[in-house]
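**Student:** If you scroll down you'll find the structure; I have some questions about it.
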Amino acid sequence: MTLLELRDVSKVYGTGPAQTHALDTVSLSVEAGSMVAVMGPSGSGKSTLLTIAGSLEDPTDGEVFVDGAALSGMSRAQRAQLRRRFIGFVFQDYNLLPGLTAAENVALPLELDGTAVRKARIAGMAALDELDLADRADHFPDELSGGERQRVAIARAMVGQHRLLLADEPSGALDSVNAESVMRLIHTACKRGMAAVVVTHDAQLASWADRVVFLRDGRVADQTRPTPGPETLLTPGPGR
Amino acid sequence: MSVRHALLALLTEGPKYGLQLREEFVARTGEVWPLNVGQVYTTLQRLERDGLVESDDAAEPGPQKGFRITTDGEQELSGWLRTPPDLTSPPRDELVIKVLVALRVPGTNVHEVIQVHRRYLVELMQQWTRLKEDEADFDLGLALVVDAELFRLDSVIRWLDAADGRLKRAAAEPATPDPAATPRIRLKVGVRR
Ligand SMILES: Nc1ncnc2c1ncn2[C@@H]1O[C@H](COP(=O)(O)OP(=O)(O)OP(=O)(O)O)[C@@H](O)[C@H]1O
Ligand SMILES: [Mg+2]
């Protein structure tokens, strides 16, 4: 089942000589249960791809389908509901609300969607605990380290029954141990049927994905082929 | 990979037979380094010649012959563990050569060449990462080996990314080639041949 599909999506910012073709006829589909990593140099359109996939921005051209439904056919309210119910976001700059504690930040999307406060808090605590942050639950964002803030943002994206995770550099501020537990968490959620698009510069993180897509100048330049099992690593081949 | 020192290390746990050493070596390195029995016996013979291990004198070479580490062997092992590997003179890297050559071959898009290698390396990393997936039967030795391999491949990808960016910037700038630059690069690389 395809949870996310971009069909010939282009995005042009600005007009005249200041025009930027951030995305140029990009097509991508992501199945339930799979993780796709997007790599590419700075400015290649990775964040643009995520914001368009998450209905936060409209493409200049092309169409986006989430769970089979075209975003262009939805009202603002319908999209907002889709984002709350269906999609977890991790933004490049975390986007935590400064006036709320870690636990409140994580529980917020559930509460906004009508979950009872107590229930939302319990689910939020569980998500924080998965990322080893239970003891930071009552801290405000400015009382957290960069890596802790990032993990709170990830907990917030993973809480509830989101079926699609869109994460922009989810490990930028994390050391390798924490980065690995974040990727393991996303990987496990995908094995349970979630779909994820993870933007990253880091090949070690990307290597958790089922498929890695390489963007260049707003286009899909290349992607990895299905990987054989690790057994083949033990047979010396070309280049080893 | 020093098989010599790996065998010495296994012998610090007590006397062992050749076949047993081979099995333990393979198991402890996460079965990533295959090692045949022949290699084990040749290495043991050399270690014995150098006085780093001793064997039961009576027995013929073969599966029945037990080995133990000597004091000299222990000292050798301890010294080796603390000797930095030679990282100062990098091995002549085939990939670096390929990218440099791609720049010189007419009609070759160097970015495309770089991408072919980048994709291959990421695919290789995906395979290594698969070994981490099942945390339950992921032993510590294997974890360390896999990490080392992932960091190594990762550093090659970073170099490709840096090269890609550098070449893109160079192409965007007006061409004012420094006549001295090319021969100097060639000289540095060529010296290690
Ligand atoms: N709101 C905007 N208005 C104008 N140009 C924009 C806007 N957002 C992005 N761009 C431009 O679109 C291009 C793609 O930007 P994008 O943020 O998608 O890159 P990226 O791949 O995420 O880069 P990075 O790795 O640095 O985060 C860039 O050239 C950027 O300057
Ligand atoms: Mg970005």
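The values are calculated or read from the model by the stated rules, or taken from the named source; none is laboratory data. Predicted, not measured: the structure shown is a model, and the values here were computed from it. Methodologically, a virtual Cβ is constructed for each residue, glycine included, from the backbone with ideal geometry; neighbour enumeration extends over all protein chains shown. Each accessible area value is taken on the protein alone, full model and side chains, heavy atoms only, with ligands, DNA and RNA left out. Shrake-Rupley method; radii C 1.70, N 1.55, O 1.52, S 1.80 Å.
**Student:** Take A:Gln81 and tell me if it is out of contact with any helix residue (DSSP H, G or I) (no Cβ under 8 Å at 6 or more places or on another chain), more than 13 Å from ligand 1 (Cβ to nearest atom) and open to solvent by 10 Å² or more (accessible area, probe 1.4 Å). Walk me through how you get there before you give the answer.
**Tutor:** Numbers: out of contact with any helix residue (DSSP H, G or I) (no Cβ under 8 Å at 6 or more places or on another chain): yes; more than 13 Å from ligand 1 (Cβ to nearest atom): yes; open to solvent by 10 Å² or more (accessible area, probe 1.4 Å): yes.
Yes, satisfied.
Conditions (1) hydroxyl-bearing (Ser, Thr, Tyr); (2) within 13 Å of ligand 1 (Cβ to nearest atom); (3) at pLDDT below 95, marked per residue:
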{"position": "A:Leu3", "(1), (2), (3)": "no, no, no"}
{"position": "A:Val9", "(1), (2), (3)": "no, yes, no"}
{"position": "A:Thr20", "(1), (2), (3)": "yes, yes, yes"}
{"position": "A:Asp24", "(1), (2), (3)": "no, yes, no"}
{"position": "A:Ser27", "(1), (2), (3)": "yes, no, no"}
{"position": "A:Val30", "(1), (2), (3)": "no, no, no"}
{"position": "A:Ser42", "(1), (2), (3)": "yes, yes, yes"}
{"position": "A:Leu49", "(1), (2), (3)": "no, yes, no"}
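**Student:** Condition test on A:Gln161, is it open to solvent by less than 10 Å² (accessible area, probe 1.4 Å) and either at pLDDT 90 or above or not small (Gly, Ala, Ser) (or both)?
**Tutor:** It is false that A:Gln161 is open to solvent by less than 10 Å² (accessible area, probe 1.4 Å) and either at pLDDT 90 or above or not small (Gly, Ala, Ser) (or both).
**Student:** Here's another thing I want to ask about it. Select from segment B:132-148 the residues that are surrounded by 20 or more Cβ atoms within 10 Å (Cβ to Cβ) and touching a residue at least 40 places away in the same chain (Cβ under 8 Å) and list them in ascending order.
**Tutor:** If the condition is that a residue be surrounded by 20 or more Cβ atoms within 10 Å (Cβ to Cβ) and touching a residue at least 40 places away in the same chain (Cβ under 8 Å), then B:Val146 is the only one that fits.
**Student:** Consider B:Val122 against the criteria (1) within 24 Å of A:Pro226 (Cβ to Cβ); (2) modelled with pLDDT under 80: it satisfies all of them except one. Which criterion is unmet?
**Tutor:** In the conditions (1) within 24 Å of A:Pro226 (Cβ to Cβ); (2) modelled with pLDDT under 80, B:Val122 misses (2) alone.
**Student:** How many residues does segment A:31-47 contain that are within 12 Å of the chain's Cα centre (by Cα) and crowded, with 21+ Cβ neighbours inside 10 Å?
**Tutor:** 5
**Student:** Quick check, is A:Ile87 within 16 Å of ligand 2 (Cβ to nearest atom), crowded, with 18+ Cβ neighbours inside 10 Å and under 13 Å from the mean Cα position of the chain (by Cα)?
**Tutor:** So A:Ile87 does not fit the description; no.
**Student:** Something else about it: Only residues that are of a type in the set (S, T, N, Q) and either under 18 Å from A:Leu166 (Cβ atoms) or more than 8 Å from chain B (Cβ to nearest Cβ) (or both): list them for segment A:193-222, please.
**Tutor:** Step one: of segment A:193-222, the residues of a type in the set (S, T, N, Q) are A:200, A:204, A:207.
Matches in segment A:193-222: A:Thr200 only.
**Student:** Give segment A:1-29 a look and list any residue that's away from ligand 2 (no atom under 16 Å from the Cβ), open to solvent by 40 Å² or more (accessible area, probe 1.4 Å) and either within 20 Å of the chain's Cα centre (by Cα) or free of Cβ contacts under 8 Å to residues at least 24 places away in the same chain (or both), or say none.
**Tutor:** A:Met1, A:Thr2, A:Glu5, A:Arg7, A:Gly14, A:Thr15, A:Gly16, A:Pro17, A:Ala18, A:Gln19, A:Ser27, A:Ser29
**Student:** Then there's this: Test A:Ser42 against the stated conditions and say whether it is within 14 Å of chain B (Cβ to nearest Cβ) and within 16 Å of ligand 2 (Cβ to nearest atom).
**Tutor:** yes
**Student:** Go through segment B:21-46 and give me each residue that's closer than 21 Å to B:Val145 by Cβ, away from every other protein chain (no Cβ under 14 Å), surrounded by fewer than 19 Cβ atoms within 10 Å (Cβ to Cβ) and free of Cβ contacts under 8 Å to residues at least 60 places away in the same chain.
**Tutor:** B:Glu23, B:Glu24, B:Gln39
**Student:** Does at least one position in segment B:113-127 carry a residue that is open to solvent by 40 Å² or more (accessible area, probe 1.4 Å), under 21 Å from A:Ser181 (Cβ atoms) and without any contact (Cβ under 8 Å) to a residue 40 or more places away in the chain?
**Tutor:** Within segment B:113-127 (the criterion being open to solvent by 40 Å² or more (accessible area, probe 1.4 Å), under 21 Å from A:Ser181 (Cβ atoms) and without any contact (Cβ under 8 Å) to a residue 40 or more places away in the chain), the answer is no, since none of the residues qualifies.
**Student:** Give the number of residues within segment A:168-206 that are more than 23 Å from B:Asp134 (Cβ to Cβ) and crowded, with 18+ Cβ neighbours inside 10 Å.
**Tutor:** 4
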